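Peer 1: Sharing a structure with you now.
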Amino acid sequence: MPEDEFDVPYGDLPTFGRIRLSQNHIVVVNAEARFVRESPGLSEAEAKKIWKKLGIDAYPYFEKTEQNNVSLVLTPEGTKESKQVVTGWVISDAEKSVSIILMPTLVNMQVLKYVGFTESLAIPFNTAIAAYAAATKSSIIQRIGLRYVNRLADFKAVEPAFWAPSMREGFAGPIGSELSRFITGSHQEVQMKLSDSASAIVHSGVFKDTVTGGAYSFLVDIDVFNEHTLDYSPSMFEKIVRKLNRTAYAVFDQMLTPEYIQQLGVEAREEGVNK
């Protein structure tokens, strides 16, 4: 049963349930928050305050990074290209399986070894955002997003049609049709408006995967985000991130058949809103 309204997906999608998948097939998870700031940059001193707060022992790597922003401007003389280099900082753990990218107006956390929501995402991401808000004295957030990239793989998938029985009809696409024997790859993008502030973008399709010796894998890339401006508070931020997590899993559940979900190893989760 849902613990509260933030344990229920946006759009009133069917709740995925309080379970964990032992075979999650997650390649990478990205969590991002965008702030509204007057300052055009993020100083090294501010970034190191955040680093210290997160724990230098836990994240021994601190590196400078640069982002090239390119924009096109139409003028009477034609199109002009404008380039801007934005400096940021990357904090990583010893294995570089968790990286936190600090930019002047955003924080992005990338997780390569995802175990579960609480331990892999909720606690470290909430801690990073709190440290960023304190160091930069930022209080307004305009976007919060989570992205789960899944690669469903099976050595027996020697043709794209292998995956059709595992997909719900709406997401099987052409691999479930008579054309499947001609298909060597597919890509589908679905954009969804889940509420006044929440949306989701799903990329899916089959591709030849060198990791499985040339067998076909199925990509499920789910990006869910909330674009509602709010004053930062740790408790509300945690709730929105949790609701986005529940939404991503609900979308995942609506793409795959119940039989395939069971094959992924359904385990009961402990009670508690962050689990």
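The values are calculated or read from the model by the stated rules, or taken from the named source; none is laboratory data. Remember, it's a predicted structure, so these values are computed and weren't measured experimentally. Positions of Cβ are generated from backbone atoms using ideal geometry, with glycine treated the same way; all protein chains shown enter the neighbour counts.
Peer 1: Scan segment 187-208 residue by residue and report those that are farther than 27 Å from ILE144 by Cβ and surrounded by fewer than 19 Cβ atoms within 10 Å (Cβ to Cβ).
Peer 2: PHE207, LYS208
Peer 1: Which residues, counting only those in segment 76-100, are of a type outside the set (Gly, Ala, Ser) and under 26 Å from SER43 (Cβ atoms)? Walk me through how you get there before you give the answer.
Peer 2: As a first pass, look at segment 76-100 and keep what is of a type outside the set (Gly, Ala, Ser): 76-77, 79-81, 83-87, 89-91, 93, 95-96, 98, 100.
Across segment 76-100, the qualifying residues are LYS83, GLN84, VAL85, VAL86, THR87, TRP89, VAL90, ILE91, ASP93, LYS96, VAL98, ILE100.
Peer 1: A further question on this structure: List, please: which pairs have Cβ atoms under 9 Å, are six or more places apart or on different chains, and start with a residue in segment 222-238 that is within 16 Å of ILE140 (Cβ to Cβ) and end with one that is among the charged types (D, E, K, R) and part of a helix (DSSP H, G or I)?
Peer 2: ASN226/LYS243
Peer 1: Also, I was wondering about something else. Could you look through segment 110-134, keep only residues that are within 16 Å of ILE91 (Cβ to Cβ) and not in a helix (DSSP H, G or I), and pick out the one that is farthest from the chain's Cα centre (by Cα)?
Peer 2: LEU112
Peer 1: If you don't mind, there's one more thing I want to ask. Just to be sure, is SER180 closer than 24 Å to ALA47 by Cα, at pLDDT below 95 and not in a loop (DSSP other than H, G, I, E, B)?
Peer 2: Working: closer than 24 Å to ALA47 by Cα: no; at pLDDT below 95: yes; not in a loop (DSSP other than H, G, I, E, B): yes.
Spelling it out, it is not the case that SER180 is closer than 24 Å to ALA47 by Cα, at pLDDT below 95 and not in a loop (DSSP other than H, G, I, E, B).
Peer 1: Report yes if some residue within segment 229-240 is charged (D, E, K, R), within 21 Å of the chain's Cα centre (by Cα) and either in a strand (DSSP E or B) or within 29 Å of ILE123 (Cβ to Cβ) (or both); otherwise report no.
Peer 2: Taking segment 229-240 first, the residues charged (D, E, K, R) are 231, 238-239.
Checking which are within 21 Å of the chain's Cα centre (by Cα) leaves us with 238-239.
Going one step further and asking which of them are either in a strand (DSSP E or B) or within 29 Å of ILE123 (Cβ to Cβ) (or both), we end up with 238-239.
Checking segment 229-240: at least one residue is charged (D, E, K, R), within 21 Å of the chain's Cα centre (by Cα) and either in a strand (DSSP E or B) or within 29 Å of ILE123 (Cβ to Cβ) (or both).
Peer 1: Pairs only if they're at least six apart or on different chains, beta carbon under 9 angstrom, first in segment 191-203 and hydroxyl-bearing (Ser, Thr, Tyr), second in a strand (DSSP E or B) and loosely packed, with under 15 Cβ neighbours inside 10 Å; list them, first residue then second.
Peer 2: Correct list of pairs: SER199/GLN191; SER199/LYS193.
Peer 1: Counting only residues that are out of contact with any Lys or Arg (no Cβ under 9 Å at 6 or more places or on another chain) and crowded, with 21+ Cβ neighbours inside 10 Å, which one in segment 133-146 is farthest from SER99 (Cα to Cα)?
Peer 2: Taking the candidates together, the pick is ALA133.
Peer 1: Scan segment 184-206 and tell me whether some residue there is hydrophobic (A, V, I, L, M, F, W, C) and in a helix (DSSP H, G or I).
Peer 2: First pass over segment 184-206, keeping only residues hydrophobic (A, V, I, L, M, F, W, C): 190, 192, 194, 198, 200-202, 206.
Within this subset, residues satisfying the condition of being in a helix (DSSP H, G or I) are none.
Within segment 184-206, not a single residue is hydrophobic (A, V, I, L, M, F, W, C) and in a helix (DSSP H, G or I).
Peer 1: Please indicate, with yes or no, whether at least one residue in segment 106-128 is without any contact (Cβ under 8 Å) to a residue 40 or more places away in the chain, in contact with a Phe, Trp or Tyr (Cβ under 8 Å, 6 or more places away or on another chain) and of a type in the set (Lys, Arg).
Peer 2: no
Peer 1: With the requirement that a residue be hydrophobic (A, V, I, L, M, F, W, C), in contact with a Leu (Cβ under 7 Å, 6 or more places away or on another chain) and surrounded by fewer than 22 Cβ atoms within 10 Å (Cβ to Cβ), what does segment 249-265 give you?
Peer 2: The one that is hydrophobic (A, V, I, L, M, F, W, C), in contact with a Leu (Cβ under 7 Å, 6 or more places away or on another chain) and surrounded by fewer than 22 Cβ atoms within 10 Å (Cβ to Cβ): LEU264.
Matching residues to (1) closer than 24 Å to VAL241 by Cα; (2) assigned to a strand (DSSP E or B):
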residue	(1), (2)
GLN23	yes, no
VAL27	yes, yes
ASN30	yes, yes
ALA33	yes, yes
GLU38	no, no
GLY41	no, no
ALA45	no, no
TRP51	yes, no
ASP57	no, no
